Structures are given as structure tokens and as C-alpha cells.
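Read-outs throughout are calculated quantities, based only on the coordinates presented, and are distinct from any laboratory measurement. Worth saying up front: this structure is predicted, and the values here are computed from it rather than measured. Here the Cβ positions follow ideal geometry from the backbone for every residue, glycine too, while neighbour counts run over all protein chains shown.
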Amino acid sequence: MDDMGWCPLPTCNQIAHIERDQNLGKCTFCDFTFCLDCKERIHPFKRCLVNRIDLMDDYLNNESIKLMIKNNQASEDLLSKLYMKHCTKSCPNPKCGVPITKVESGCTQIQCTKCFNYFCWCCNAPAKG
């Protein structure tokens with residue numbers, strides 16, 4: 001449904017009526033009218049800064065933006081390492097060792113996608129296919 005969406009206010013988050021031709025949305029609960037691009041209060045006589053290509057160079061050369069991008073990358077790297085440490089196990093086949101994630105609940109018998117070795121997710125002991 002292209003004409004419906006969600007109110008961007010964290011305290012509301014109710015259904016909003018979307019008008020794409022005017023680039024705005026209006027919450028049916030709190031009557032907050034917002035820009036579809038930046039999700040801020042509607043600014044009909046001011047260009048949205050989200051789509052300003054002429055400001056892209058200024059945006060990317062801004063020191064605070066560079067620092068924020070660097071911090072985000074460091075956070076993503078740390079989260080990736082934590083995920084690999086706590087949510088994956090290596091294939092117990094010494095010739096393989098590929099990291100494996102158990103996605104579904106249920107049976108603990110896992111098959112490696114690289115060497116097709118069957119093993120128990122809980123104890124890493126070999127299992128029959």
C-alpha cells in the first residue's frame with residue numbers, strides 16, 4: 001500500500017497517510033506532518049537536505065561526519081567480531097574449519113556447507129548423516 005506508512009515519532013509510531021506527489025506524510029493518530037525523505041517536520045518552502053547533491057562534498061569533507069563514519073565502522077567491526085565469537089562455530093573437520101551459524105531451532109545436527117561433514121552443534125562430535 002503506497003498510500004500508508006508509519007509515523008516517524010518514537011512516541012507515536014502509528015499509521016500515517018502518505019502523499020508521494022507532495023512528498024509528505026500525516027499521522028492519523030497525532031496529526032504530525034513529516035517529510036518523506038528526512039522524516040522531520042514538513043518543510044514545504046525549504047529543500048530537503050537529504051537530497052541536496054550540491055552539498056554532498058561539504059557533507060563528506062566535514063570533520064565531524066568523517067569521525068562519525070570512522071566510529072560507525074569501528075562499531076560494526078566490533079559487532080562482527082562479537083557475532084563471530086558468540087554465534088558461530090568452526091567446522092570440526094581439521095581440513096575445513098569454516099565458520100558455521102545455526103539459523104533454525106530444533107535438531108542440533110549440522111552439516112558443513114563446504115565439506116558436507118555432519119556434526120553435533122552442542123558438542124562438535126561427529127554425527128551420522
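For the stretch 4-48, what does the alpha-carbon gyration tensor say about shape, rounded, prolate or oblate, given a ≥ b ≥ c as the root eigenvalues, a/c under 1.5 as rounded, and a/b over b/c as prolate?
prolate
With the crude spin-label approximation of a point 7 Å out along Cα→Cβ, what separation in nm comes out for Thr11 versus Asn61?
Distance between the two pseudo-spin positions: 4.0 nm.
Which ³J(HN,Hα) values in Hz, rounded to whole numbers, follow from the phi angles of the stretch 79-90 under the Karplus curve 6.51 cos²θ - 1.76 cosθ + 1.60, where θ = phi - 60° and Gly and Pro get x?
Karplus values, whole Hz, x for Gly and Pro: 5, 5, 5, 5, 4, 4, 6, 9, 10, 10, 9, 7.
Given 0.36 nm per residue, what is the gain on full extension from Asp37 to Lys89 after removing their alpha carbon distance, in nm?
14.6 nm
Restricting to DSSP H runs of at least four residues, report the calculated mean residue ellipticity at 222 nm for the chain, -39500 (n - 2.57) per run over all residues, nearest 500 deg cm²/dmol.
-8000 deg cm²/dmol
For the residue pair Ser105 and Asn124, what label-to-label distance in nm results when each label sits 7 Å from Cα along the Cα-to-beta-carbon direction?
Reported label-point gap for Ser105 and Asn124 is 2.6 nm.
Which net charge results for the neighbourhood of Cys12, defined as the other residues with beta-carbon distances under 14 angstrom from its beta-carbon, given Lys and Arg at +1 and Asp and Glu at -1?
My count for the surroundings of Cys12 gives +2.
List every residue whose amide H lies under 5 Å from the amide H of Val98, counting only residues 5 or more places away in sequence or on a different chain, with H placed 1.01 Å from N in the peptide plane.
The list, which skips near neighbours in sequence, is Cys91.
Could you check the spin-label model distance between Leu79 and Arg20? Points 7 Å from the Cα along Cα→Cβ, value in nm.
Going by the 7 Å Cα→Cβ label model, 2.9 nm.
HN-Hα J couplings of the stretch 14-27 from phi, Karplus 6.51/-1.76/1.60, θ = phi - 60°, integer Hz, Gly and Pro as x?
Values per residue, Gly and Pro as x: 9, 5, 10, 8, 9, 10, 5, 5, 9, 6, 9, x, 9, 5 Hz.
P(r) for the chain, please, calculated from all Cα pair distances in 5 Å bins and given in %.
2, 9, 12, 10, 8, 8, 10, 9, 9, 10, 8, 4, 1, 0
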